[in-house]
Amino acid sequence: MADKKLTGVQKAAILFITLGPETSAGIIKKLPEREIQKITYEIANMTSVKKEQRQEVLAEFIEMNRAKDYLIEGGLDYARDLLSKALGSQRAKEILDKVVEATEQYRPFSIARKADAHQLLNVINNEHPQTIALILCYLQSDKAGQILSSLSEELQGEVAYRIATMSNTSPMVIKEIENVLNNKLSSVVRSDVTTLGGVETIVDILNQVDRTTEKNITEELEKEDQELAERVKQSMFVFEDIVTMDDVSIQRVLRELDNKDVALALKGCSEEVANCIFRNQSKRAATALKEDIEFLGPVRLVDVEKAQQKIVAIIRRLEDAGEIVVARGGEDAIIV
């Protein structure tokens, strides 16, 4: 197979080849007939699969499932936080975008999940308790909680009871209720309006420009809104992005750091980030740091994040002073 961007069906075919016939058979039989035909066609027409392709597809499959588990466990912010710590902010965003898109595409009540809690409440408030219970089961837990707490006390108990005792529901019933709800929401929810912009968007853009452009924009933001500018600057470079720096720059940063802050910052971070720090230390210093990390024992997440933010602030200060280079998009020129 020529080196090119793989389609979703091709990735699925490579995944099943990698997993082997026994494991793959159990998964394939649960797929829709049309998808099975597409995947088996690709499998049949694959004469060879490179080792690198198998590894990449398997890694993506694991990452996507991990992201899905995090989303189910604690929601989008929780998933983004954990994945960013493990994979870096950019990779975490790419994975979550794919997972959310796939989830919203096939999950019932996708329009209701996008609607505002207050809008939903107005639409379903007079529905039968069983209908309300069914709808709440498909919403994000925080949104369902807002709606449930806004119902009358009598209705709250009845809906909660029906949620707790609900088991299997006919797909036809679910689809019928979803269609009715979508029709009602269409008059109050603008489905053609997409949320754009925000701090995350400008950060993604600024991460792709040269340092001069970034400084000009952040300076202008400071004139307009100091607090907003600070939020943007704090999001520009996260601790996990240290893996993108060259070794000389990392070594320069380490000379500015307190070992206690480094040990705390590395507590619970990804192996890639930790190894990036260790390899830029002497064997003796790396060994001592590893011992300090183990000696810390359990620590609060807020303390870890404070230590990481302190290191990020030092990185930004050294970059502003021209003492280190932080890789960016655009056309940053490095003169040797």
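The values are calculated or read from the model by the stated rules, or taken from the named source; none is laboratory data. Model, not experiment: these values are computed from the prediction. A quick note on method: Cβ atoms are made from the backbone with ideal geometry, for glycine too, and the neighbour counts reach across all protein chains shown. These accessible areas exclude ligands, DNA and RNA; they are computed on the full protein's heavy atoms, side chains included. Shrake-Rupley method; radii C 1.70, N 1.55, O 1.52, S 1.80 Å.
Report yes if LEU221 is at pLDDT 85 or above and outside the structural domain of ALA286 (by the TED database), otherwise no. Working first, answer last.
Working: at pLDDT 85 or above: no; outside the structural domain of ALA286 (by the TED database): yes.
The answer is no for LEU221.
Could you run through region 26-44 and say how many residues are open to solvent by less than 90 Å² (accessible area, probe 1.4 Å) and either over 25 Å from VAL99 (Cβ atoms) or not aliphatic (A, V, I, L, M) (or both)? Spell out how you get there, then give the answer.
From region 26-44, those open to solvent by less than 90 Å² (accessible area, probe 1.4 Å) are 26-28, 31-32, 35-36, 38-40, 42-44; that's our starting set.
Next cut, either over 25 Å from VAL99 (Cβ atoms) or not aliphatic (A, V, I, L, M) (or both) only: 26, 32, 35, 38, 40, 42, 44.
Within region 26-44, residues that are open to solvent by less than 90 Å² (accessible area, probe 1.4 Å) and either over 25 Å from VAL99 (Cβ atoms) or not aliphatic (A, V, I, L, M) (or both) number 7.
Select from region 215-227 the residues that are more than 18 Å from VAL312 (Cα to Cα) and either aliphatic (A, V, I, L, M) or buried (at least 16 other Cβ atoms within 10 Å of the Cβ) (or both) and list them in ascending order.
If the condition is that a residue be more than 18 Å from VAL312 (Cα to Cα) and either aliphatic (A, V, I, L, M) or buried (at least 16 other Cβ atoms within 10 Å of the Cβ) (or both), then ILE217, LEU221 are the ones that fit.
Please give the number of the condition LYS5 fails out of (1) part of a helix (DSSP H, G or I); (2) open to solvent by 80 Å² or more (accessible area, probe 1.4 Å); (3) modelled with pLDDT under 75.
In the conditions (1) part of a helix (DSSP H, G or I); (2) open to solvent by 80 Å² or more (accessible area, probe 1.4 Å); (3) modelled with pLDDT under 75, LYS5 misses (1) alone.
Looking at the structure I just gave you, is ILE277 over 22 Å from LEU82 (Cβ atoms) and either modelled with pLDDT under 85 or in a helix (DSSP H, G or I) (or both)? I'd like the intermediate steps shown before the answer.
Numbers: over 22 Å from LEU82 (Cβ atoms): no; either modelled with pLDDT under 85 or in a helix (DSSP H, G or I) (or both): yes.
So ILE277 fails the test.
Within region 226-263, restricting attention to residues that are part of a loop (DSSP other than H, G, I, E, B) and without any contact (Cβ under 8 Å) to a residue 24 or more places away in the chain, which residue is nearest to the chain's Cα centre (by Cα)? Working first, answer last.
Step one: filter region 226-263 for residues part of a loop (DSSP other than H, G, I, E, B), giving 237-238, 245-246, 255-258.
Of the ones still in play, those that are also without any contact (Cβ under 8 Å) to a residue 24 or more places away in the chain are 255, 258.
On the way: ARG255: 32, ASP258: 31 Å.
The extreme case among them is ASP258.
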